[in-house]
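Every read-out reported here was derived from the displayed coordinates using simple, explicitly stated rules and does not represent laboratory data. Note that the coordinates shown come from a computational prediction; the quantities given were computed from them, not determined experimentally. Heads up, the Cβs are rebuilt from the backbone with ideal geometry, glycines too, and the neighbour counts pull from every protein chain shown.
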Amino acid sequence: MTRKDEMFEDEKPFHMGRYFAHVIGWSILLTFLLIGLIFVWAGGKDIVTGEATQSDWIFTAIGILMTPPVCWALWRYMPDFTMGEPKTPRGNRIRWILGAVIVIGVAISFPLINRDGPDGEPLHLFSNSPLPTDAVWPMIALWAIAIPIIAYIARRNSDDYTLAANDFGFMLGGYLFYFTAPLWWIGWRGGLLPQPDVMIIFIASFVVINFGNLWKRHVG
């Protein structure tokens, strides 16, 4: 994001409220797309194996019919997740990087859709239930290889203003992890708290990082 006095004259000023309203509306559309894809995936699998019921055919048809218009709406009204980056080669590279992050996030969770774990329970990404090995390896590979590369490319293509916001957010998230993890661990060992869950701390730190980033971008 660039400062208001550095924006091109023909571009609309960035407004945080309108941006979040746009993102929320677009996220609702994305939810409908995911529902449609799940309908097609779940019903289509039974159709291919010859075990389809009438409900499978109905849900598959609904998913096929709703997916194209929702995809069009998502493409047509997709928000600019760079939060005001000008239409320059560097800004466009940032847009491609953000798109890659979204694709990787979907790819990591996709192996868990409509599957059961080794214990027979449904799989959930953010839980402590066991995961099948064939789903774990691609998820580990995507996270361990793609995320560091994307983070490096994103940092190389960020300006000083964006870097300052990112560094501020990661500083707050790092402090949260630095403060919370030992307290939870010690409290658990003393019988005062439940067993530490690293994913809870990770998600909390992730939220703080993003709120810190947005706040720094807003106040400058």
Worksheet, complete the sentence: Descending packing, highest mean Cβ count within 10 Å first, for 27-36, 43-52 is 27-36, 43-52
Response to the item:
Under the Karplus relation with 6.51, -1.76 and 1.60 and θ = phi - 60°, whole-Hz ³J(HN,Hα) for the stretch 46-60, x at Gly and Pro, equal 5, 5, 5, 7, x, 10, 6, 9, 4, 4, 4, 5, 5, 5, 5
